[in-house]
Amino acid sequence: MSRSRKNPVLAALDASFLIGAVCSAIFYAIMLSPAMKDSTLHRYTTEHLVEYVVVILTFWGLADVLRKLASFPREILALRQKWVPERKRRVPAMVATSLLEDVEAKPKWLRESRIGRRYVDAFSYVIENGADSNFRDHLQLLAHHDSERMNGSYTLIRFVVRITPVLGFLGTVVHFGTALNGITLDKMSDQLGVVVSEMGQAFNATTVALAAAMCMMFCQFVCEWIEKAILQSVDRNVEEELFNRFELKDASISPFLSVIKEANEDANKLMAANLETQTATWIEAFEMILQRLDARQKQEGQAWTQALETLHSRHESYDAVREERLRQILDAIGESQDRFMGQIHATIDKAALLRNDFSEVVRTIHGIAQGEGRLLELQATLSDNLRLIHETRQFEDAVHGLTGAIHLLTARHGGDGRKSAA
């Protein structure tokens, strides 16, 4: 078979394989360099044949993923193109020829897009068979074929996703077998380091394989999600533009179509009349609502004006009452201040009088202090007299004499006090 007739799936696999091989060669050229010898990535990807196979398969799958991602912008731009003119009514099937020529006149990258191929196949069917009753089924069949081609295009990615975990477990088993193959009980302590090293390589192989599988599964999910969205957009676009665009070819249903067309025209006229009536009714109702709203707004404006005026008057009366109360308070404060000043002056006068009284008291105390010597002499005399009376046994006469002396002393002291007061 010539290369031009080669299966497109195999051609895609060849391109992905070449890109993956080049990427794998570049990767291992870097990993096997002396600068990367002690790195973690070198330890996980270069210690066993299984790890080489896993890495190569991963690059192969990633190359296919990149090719798919690179094709998505073209499909998205093609979906935004205007492929057919706007549909106003059904057109004859012969118009499909001019529509197909318009599609073929577009650039090659648009014609080779999914929506471009879908329009070409649909218009070719209408040109060959007319817009018969099987046209809708043919469009659905084209959508089904696109879906199958999309599922078939993920064969390589699914293969990488499924085979890498198996290779990881195979590497684990091989390493464990190598580690446990020559071990003996006598030399177990000497061989323990080799066994542990082989077990570490076994787990490294499993880790690399599972990481590669997870990466490819995520890439598969993203690509399928984007491509399914593109196919759904293509199906929806074709359905909206082509399902009811062409007139049916079958002549046996032409009378029915004419009757339906006349009935449709009559129904459209009735609907137009009803729509006009309803529109007029709604306009009147809307105008009434607007009038009521205007009246309501005026009433509310008047009510707000009255409320503001009432509030303003109350505020003015409150200001007057507040000013009156403030004046009364100031007057009361002034009166209280006057009374307080009077009390202060009276207190000052009393303090002056009290100062004079204190001067008299001081002079009196000074006089008493001067008469203290005389009182002491009198006390000594009285003591001598009492002793003599006690010795002479004349107590009654002494009492009478003492009483007279006391009265005399009292009289003298009272006279001195009146003179000092005067």
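When Arg296 is tested against (1) open to solvent by 100 Å² or more (accessible area, probe 1.4 Å); (2) under 30 Å from Arg89 (Cα atoms), only condition (2) is not met. The condition (being within 59 Å of the chain's Cα centre (by Cα) and not hydrophobic (A, V, I, L, M, F, W, C)) is satisfied by just one residue among Gln297, Gln328: Gln297.
Would it be correct to say that Ile260 is within 30 Å of Arg89 (Cα to Cα), modelled with pLDDT under 85 and part of a helix (DSSP H, G or I)? Write out each step before concluding.
Values: within 30 Å of Arg89 (Cα to Cα): yes; modelled with pLDDT under 85: yes; part of a helix (DSSP H, G or I): yes.
Yes.
Of the candidates Thr364, Thr310, the single residue that is open to solvent by less than 100 Å² (accessible area, probe 1.4 Å) and over 60 Å from the mean Cα position of the chain (by Cα) is Thr364. Looking at the structure I just gave you, is Ser147 polar (S, T, N, Q), in a loop (DSSP other than H, G, I, E, B) and either farther than 30 Å from Leu62 by Cβ or under 42 Å from the mean Cα position of the chain (by Cα) (or both)? It is false that Ser147 is polar (S, T, N, Q), in a loop (DSSP other than H, G, I, E, B) and either farther than 30 Å from Leu62 by Cβ or under 42 Å from the mean Cα position of the chain (by Cα) (or both). When Arg74 is tested against the conditions (1) touching a helix residue (DSSP H, G or I) at 6+ places or on another chain (Cβ under 8 Å); (2) over 30 Å from Pro165 (Cα atoms); (3) modelled with pLDDT under 85, the lone failure is (3). If you go through the stretch 86-97 and keep only what is in a loop (DSSP other than H, G, I, E, B) and over 19 Å from Asn237 (Cα atoms), you end up with Pro92, Ala93, Met94. Every residue in the stretch 143-160 that is among the aliphatic types (A, V, I, L, M) and open to solvent by 20 Å² or more (accessible area, probe 1.4 Å), please. Once the filter is applied, which keeps residues that are among the aliphatic types (A, V, I, L, M) and open to solvent by 20 Å² or more (accessible area, probe 1.4 Å), the stretch 143-160 yields only Ala143. Residues in the stretch 64-101 that are in contact with a Ser or Thr (Cβ under 7 Å, 6 or more places away or on another chain) and closer than 13 Å to Cys223 by Cβ: Asp64, Arg67, Glu75.
Going through (1) more than 26 Å from Pro165 (Cα to Cα); (2) surrounded by 17 or more Cβ atoms within 10 Å (Cβ to Cβ) one by one, Ile19 falls short only on (1). Scanning the stretch 1-57 for residues that are at pLDDT 70 or above and aromatic (Phe, Trp, Tyr) returns Phe17, Phe27, Tyr28, Tyr52. All told, Gly61 falls short of being at pLDDT below 80, in a helix (DSSP H, G or I), touching a helix residue (DSSP H, G or I) at 6+ places or on another chain (Cβ under 7 Å) and surrounded by 20 or more Cβ atoms within 10 Å (Cβ to Cβ). Pairing residues of the stretch 98-125 that are closer than 18 Å to Glu227 by Cα and aliphatic (A, V, I, L, M) with residues that are open to solvent by 50 Å² or more (accessible area, probe 1.4 Å) and part of a helix (DSSP H, G or I), at Cβ distances under 9 Å and at least 6 apart in sequence or on separate chains, gives Leu110/Arg74; Leu110/Leu77.
Do we have any residue at all in the stretch 60-78 that's farther than 30 Å from Cys23 by Cα and out of contact with any strand residue (DSSP E or B) (no Cβ under 9 Å at 6 or more places or on another chain)? Give the steps one after another, and end with the answer.
Here is the first cut: in the stretch 60-78, the residues farther than 30 Å from Cys23 by Cα are 78.
Next cut, out of contact with any strand residue (DSSP E or B) (no Cβ under 9 Å at 6 or more places or on another chain) only: 78.
Within the stretch 60-78 (the criterion being farther than 30 Å from Cys23 by Cα and out of contact with any strand residue (DSSP E or B) (no Cβ under 9 Å at 6 or more places or on another chain)), the answer is yes, since at least one residue qualifies.
Per-residue answers, yes or no, for (1) of a type outside the set (D, E, K, R); (2) closer than 26 Å to Gln232 by Cβ; (3) crowded, with 16+ Cβ neighbours inside 10 Å:
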position: Val84; (1), (2), (3): yes, yes, yes
position: Leu99; (1), (2), (3): yes, yes, yes
position: Val103; (1), (2), (3): yes, yes, yes
position: Lys106; (1), (2), (3): no, yes, no
position: Arg114; (1), (2), (3): no, yes, yes
position: Phe123; (1), (2), (3): yes, yes, yes
position: Glu128; (1), (2), (3): no, no, no
position: Asp132; (1), (2), (3): no, no, yes
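The values are calculated or read from the model by the stated rules, or taken from the named source; none is laboratory data. Since this is a predicted model, take the numbers as computed values, not measurements. All Cβ positions, glycine included, derive from the backbone under ideal geometry; neighbour counts span all protein chains shown. Heavy atoms of the whole protein, side chains included, go into the accessibility calculation; ligands, DNA and RNA do not. Shrake-Rupley method; radii C 1.70, N 1.55, O 1.52, S 1.80 Å.
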